[in-house]
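Student: Take this structure first; my questions come after.
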Amino acid sequence: CTGFIFQKVGKLAATAVGGGFFLLQIANHTGYIKVDWKLVERDVNKAKQQLKFHSSGNKISPEVKSRVDEVIIFLKKNVILTGGFAGGFLLGMAS
């Protein structure tokens with residue numbers, strides 16, 4: 001059920017995001033929306049700096065590492081549940 005729902009919702013979400021982006025581009029082109037490109041460029045540069053800072057040492061932050069460890073422990077303890085879910089998810093995606 002989850003795979004089937006994910007497939008349907010994924011297509012709907014992709015359509016909604018693409019359509020929303022298309023409408024925003026039309027609104028920008030016709031003058032309904034004014035984009036402050038200098039602000040966009042500044043924010044993108046700030047994000048690039050943060051990504052370079054976090055990826056420079058290839059170290060995972062402690063918060064992410066602890067969450068990943070929790071997920072791995074859960075998956076190891078519930079291997080039957082995990083396998084069943086993965087199989088059902090793949091079957092749902094295939095249909």
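The values are calculated or read from the model by the stated rules, or taken from the named source; none is laboratory data. Predicted model, so just to flag it, every value in this text is computed and none were measured. Neighbour counts run over all protein chains shown; Cβ positions are idealised from the backbone, glycine included. All accessible areas refer to the heavy atoms of the entire protein, side chains included, with ligands and DNA or RNA removed. Shrake-Rupley method; radii C 1.70, N 1.55, O 1.52, S 1.80 Å.
Student: Which of the helices in the chain meet the span-like rule: DSSP H, Cα axial reach of 15 Å or more, Kyte-Doolittle mean at least 1.6?
Tutor: 79-94
Student: Points 7 angstrom from Cα along the Cβ direction at K52 and L90: gap in nanometres?
Tutor: Each label point lies 7 Å from its Cα, and together they span 4.2 nm.
Student: What accessible surface, in Å², does a 1.4 Å probe find on T2, ignoring ligands, DNA and RNA and rounding to the nearest 10?
Tutor: Taking all protein chains as shown, T2 has close to 70 Å².
Student: So how far apart, in nm, are the two label points at V79 and F6 if each is 7 Å from Cα heading toward Cβ?
Tutor: 2.1
Student: What chymotrypsin sites (Phe, Trp or Tyr not before Pro) does region 3-44 have in DSSP loop regions with at most 13 other beta carbons within 10 Å?
Tutor: Y32
Student: To continue, here is another question. How big is the accessible area of I72 in square angstrom, nearest 10, if you roll a 1.4 angstrom probe over the protein chains?
Tutor: We get 80 Å² for I72.
Student: For E41 and F21, compute 0.36 nm times the residue count separating them, minus their Cα-Cα distance, and round to one decimal in nm.
Tutor: Contour length minus Cα-Cα distance gives 5.3 nm.
Student: Based on alpha-carbon atoms only, what is the radius of gyration of the chain relative to the globular estimate 2.2 N^0.38 Å?
Tutor: 1.67
Student: Oh, and also: Want the number for N28 to A14: 0.36 nm per residue separation, take away the alpha-carbon distance, what's left?
Tutor: 2.9 nm
Student: Hey, got the dipole for the chain? About the Cα centre, +1 on K and R Cβ, -1 on D and E Cβ, debye to the nearest 20?
Tutor: Using Cβ point charges on Lys, Arg, Asp and Glu, the chain gives about 180 debye.
Student: Indicate the gyration tensor shape class of region 9-50 (rounded, prolate or oblate), computed on the Cα atoms with a ≥ b ≥ c the square roots of the eigenvalues: a/c under 1.5 is rounded; otherwise a/b larger than b/c is prolate and the rest oblate.
Tutor: Because a/c hits 1.5 or more and a/b fails to exceed b/c, region 9-50 counts as oblate.
Student: Farthest toward the dipole's positive end in the chain, which of I5, Q50, N28, given Cβ charges of +1 (Lys, Arg) and -1 (Asp, Glu) about the Cα centre?
Tutor: The residue sitting farthest along the positive end of the dipole is Q50.
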